[in-house]
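These notes are about the structure you will find just below.
The values are calculated or read from the model by the stated rules, or taken from the named source; none is laboratory data. What you see is a predicted model, and the numbers here were worked out from it, not measured in a lab. Don't worry about glycine lacking a Cβ; one is built from the backbone with ideal geometry, like all the others, and counts go over all protein chains shown.
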Amino acid sequence: MKKLFILFIFVSCTNILFAQTSKKATSGDLELDNSIKSITASARKDGETFKKTLVAKYFITEGKATEYYAQYTGGDLFMIFETAKETKKDVTDIFKLFNTSRNTNKGWNETLKELDVKQDSKTFENIKYAVVNNGLN
């Protein structure tokens, strides 16, 4: 009986730890989250077209588009570039902040908060509008 109890405690603790480490990273806005997922799915289906879109939309080189595409999801790339545009911050700074957030399993909601972008702000609405309406949906 004692061994069964110890096994139960071990399984319970393991499940709690797993649930905490598999936290779903989100923006806190369902429509934006769905658009990020949709853009990512489209980018995976046709990477070449997606990279051409990045080049045309964000004025980056084909080399940079290929580099970014290899490291980030399509939805995250749109969020990074739109966030840089709307916050008037250098895109390199947004990449750094996003990498830090991603490595600590934080979502876009926390990343935007670190930039002082609140969900009820015009900046957030502009980012959301750009991603939802100009994505590859």
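The set of residues in the range 12-55 being surrounded by 10 or more Cβ atoms within 10 Å (Cβ to Cβ), among the basic types (K, R) and at pLDDT below 85 consists of K23 alone.
Listed conditions (1) surrounded by fewer than 20 Cβ atoms within 10 Å (Cβ to Cβ); (2) at pLDDT 95 or above; (3) not in a loop (DSSP other than H, G, I, E, B) are all met by I60, apart from (3). Each residue in the range 85-137 was checked for being polar (S, T, N, Q), surrounded by 13 or more Cβ atoms within 10 Å (Cβ to Cβ) and over 24 Å from L54 (Cα atoms), and 3 pass. A search for C-beta distances below 9 Å between a residue of the range 104-130 that is within 9 Å of T83 (Cβ to Cβ) and any residue that is outside any helix (DSSP H, G or I) and among the basic types (K, R), counting only pairs 6+ apart in sequence or on different chains, returns L112/K118; L115/K89.
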